[in-house]
Every structure is written in structure tokens, then in C-alpha cells.
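Inspection log for the structure reproduced underneath, given as C-alpha cells.
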Amino acid sequence: MLRPPPANEDESPVPSYIAFQRWPCPERQPRWSSKINVDSRTGKWAVTLARLKIWSDVDAVSANPATLARRSPICDVATDKIPGAHKFIMDTGATSTYVHKEILTAIRKAKFLSMNQTNSSSQYPGAPYYVSRDFLQRHDVTVELTFKNTNNSLVSVYVPALGFLYNSLGEGLIWEAPANSGGQASDWSGLLGLNFFQVVYAAFHRPTYHSGIAPYIHLAPQTRADTKAGLYDVPPEKEGH
């Protein structure tokens, strides 16, 4: 369900692009975000999500606070105001994204989402919500994720809704996290899983211990146009190199 087969020959599957310490294409760089601090005390790549917004008629690549200042999102969730809902683990091993129950409830209130699969292309009755066929044709729906750093500075990242919020069949990809799933209360309250990594370029940085710099990440929006163009595909090295 996460990544259904292409509906036609023009639709190619979207891969994940993850780099550690150094981006492999120095001559071609995505539009990286500022540094996002990682709380590595638990041994996990944990980030603090302060806010989630959904925008219509907004392109993820060109979105920025200035262009959105006079507009209103179709969904706005202050995740850091919900007790125990703001700590997220970056987990490439999770098939989807999991959030606190109150966050999912707020997302479901967005007018273009429904609990009824009748108007979607889905044949799966168990999705957390559905998107209508008409709305699914739009490619200008963007999710804004705002992360909070240890110094309380905020970093916003804009990603395509298609592939993260829902798939090409209109099935929702954001699920409610199981109760007590994080173990200790300080560990985590949600997961950013594989569907997240299929709409972003992610760069993980773990400086040396003696540098005194804590681990951090950079994120950038990934679009299907990028994938089709192969902008960041690294050719295989010749044998013997």
C-alpha cells in the first residue's frame, strides 16, 4: 500500500535518498534546510516537531514563509502544544509514519480528507483516512513540518503531500502510534518512516566526539520531477576503483 505499482508507464517509483556525513553530488545540491538538532541521548535520531501544516495551491520546492505569510493553511497542528506528542524518531525501517492520536485527529479534520473510501481509488478498507479522486489529481498540496532546535529556533521543511500524507490511490499514510509505543516517556511519541524519506532528501551528520558538536540533520524536498530527471543519481564506480 505504501508504494503501489505505477499506474502507467510514465509513473516511476520514487526512491529514497539518504546521505551520511557528505552529500555525494557536490556539484548538484538540493535546497537544504538549516541545521535541525538531533537528540541522540537515547541512541536514536530523534527530532522535535513543533508544528504541522497542510497547504493547497503551494509547490513544495518554491514554498517559503514570505510567500505563505498572507495565506491560511487547510490544516494547522501545533504538535508541541500536545503533551507528549512532539518527539519523533527518524526511522527508515518503519513502513509508514506514526503520530500521536491528537495529531491524527486534527489531520483528519482537513476538508479534503475523509474516513470514507467510496470516493477514492482505494480497495483497502483499513487506511487511516482517504483522499477523493478529484483532489488526488492535484500536485500542489504541500505539508510544512516545523522542527524546534535546542535553542528554540525553528526550521521549516516543505514536502509534497503525495507520497507522504497519502499515496497515489488516495490512501492515508499517517497512522496513530500505538499506546506506550515509545517505552519511556522521554524516548519518542512518533515515527517519521519510509513515506517521509520518499519525499525528502535527508543528510545525517554525526560530528566527531571531540568537536563538541551534537548530531544534526539537513532536509530538502524531493519531487517526482527530480527523480525522473535523475538529478542526484550517482553512477556506479568502475571496477577496481
Distance in nm between label sites at Glu27 and Arg138, each 7 Å beyond Cα in the beta-carbon direction? 4.0 nm
Gain upon complete extension [Gln123, Ser62; 0.36 nm per residue less C-alpha separation]: 18.6 nm
Stretched out fully, how many nm does the piece from Ser211 to Asp76 gain, at 0.36 nm a residue minus the Cα gap? 44.8 nm
Once you place label points 7 Å from the Cα toward the Cβ at Ile18 and Arg41, how far apart are they in nm? 2.4 nm
Leaving out ligands, DNA and RNA but keeping every protein chain, what accessible area does Leu169 have, in Å² rounded to the nearest 10, with a 1.4 Å probe? 60 Å²
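Give me the percent of accessible area attributable to carbon and sulfur for the stretch 51-101, probe 1.4 angstrom.
Answer for the stretch 51-101 is 50 percent, counting heavy atoms of protein chains only.
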Which whole-number value in Å² is the accessible area per residue of the stretch 98-205, probe 1.4 Å? 43 Å²
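The values are calculated or read from the model by the stated rules, or taken from the named source; none is laboratory data. These numbers come from a predicted model, not from an experiment. Please note: Cβ atoms are built from the backbone with ideal geometry, for glycine as well, and neighbour counts cover all protein chains shown. For the accessible areas, the whole protein counts, side chains as well, though only heavy atoms, and no ligand, DNA or RNA atoms are used. Shrake-Rupley method; radii C 1.70, N 1.55, O 1.52, S 1.80 Å.
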